[in-house]
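K.L.:
The following block contains the structure, expressed as structure tokens.
No value in this document is a laboratory result; all are computed from the given coordinates. The structure displayed is predicted, hence computed values, not measured ones. FYI the Cβ positions are ideal-geometry reconstructions off the backbone, even for glycines, and counts take in every protein chain you see.
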Amino acid sequence: MWSFGVVIFTMLNCKVPFNETHPSIIYKLQMSQKYRFNERVDSEEVKRLIKNLLQPNPQERPSVDTVLEDHWFEMDSLTDGNGLFILRKNCFH
């Protein structure tokens with residue numbers, strides 16, 4: 001689920017959440033959840049989802065089922081015909 005959080009963050013922000021080269025700095029940023037959203041990301045729902053996915057403690061991260069039940073993935077999401085999710089238009093205000 002951590003990786004899914006990184007992917008969503010990167011897709012919406014056009015950058016990775018922990019953009020450092022030194023492993024110890026990356027670790028500190030991950031443990032403290034230090035990352036900044038691009039000003040274009042104005043959906044509090046997706047920010048909350050990403051924060052939960054990037055939770056440092058794996059036991060506190062949501063399950064796949066919980067994520068798929070999240071309001072951000074409700075029925076107004078589109079699929080590509082093959083059952084793959086396409087991000088909702090209103091996530092990109």
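K.L.:
Quick check: the distance between the Cα centres of segment 57-73 and segment 8-39, to the nearest angstrom?
P.N.:
20 Å
K.L.:
Rounded to the nearest 0.05, what FRET efficiency is calculated for E20 and D42 with R0 set to 41 Å and r the Cβ-Cβ distance?
P.N.:
The pair E20/D42 has a calculated efficiency of 0.95.
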